[in-house]
Amino acid sequence: MGIGKDIVNRFFEAGLRDDIEAAAACFTEDGRWIMAEGAEPGTTYTREQIPAFLDKIIGLRKEYEAKGITLEYGELLEVEDRVILEFTVNSPDGTVLDRAVDLFTIRDGKIAVKDVFRKA
């Protein structure tokens, strides 16, 4: 497994354990998380804002789980300093509610940018 895939896996594993500190530590000091929502080109969260945003995302994941909504992730694809991950949000009956791609830019073994591209 490449360095990029490794750090992205650690990020997701920490999030699934609700370990906000460990997930945020996967980002560089100047790391950014760009969401598809908000004004173009999306809402950007800085490294300092990422822990609070992760807390919000973990809460949303728990709401989804309580409703039977699932997230299905594809395989990580690593190309040079980028890691790409496709995922879907699915209703309890399997209907796809949302589709998205995360594009991670890796620098010095950490996530410099997590850019989310969404198609609902």
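The values are calculated or read from the model by the stated rules, or taken from the named source; none is laboratory data. What you see is a predicted model; the values in this text were computed from it and never measured. Neighbour counts run over all protein chains shown; Cβ positions are idealised from the backbone, glycine included.
Arg82 meets the stated requirement of being in contact with a Ser or Thr (Cβ under 9 Å, 6 or more places away or on another chain) and surrounded by 13 or more Cβ atoms within 10 Å (Cβ to Cβ). Across the stretch 37-63, the qualifying residues are those that are under 18 Å from Lys119 (Cβ atoms) and surrounded by 13 or more Cβ atoms within 10 Å (Cβ to Cβ), and the one among them that is modelled with the highest pLDDT is Thr43. Under the condition of being touching a Gly at 6+ places or on another chain (Cβ under 9 Å) and part of a helix (DSSP H, G or I), the residues counted in the stretch 12-39 number 3.
A quick yes/no check of all residues on (1) over 15 Å from the mean Cα position of the chain (by Cα); (2) in a helix (DSSP H, G or I); (3) among the hydroxyl-bearing types (Ser, Thr, Tyr):
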site: Pro41; (1), (2), (3): yes, no, no
site: Tyr64; (1), (2), (3): yes, yes, yes
site: Leu71; (1), (2), (3): no, no, no
site: Asp98; (1), (2), (3): no, no, no
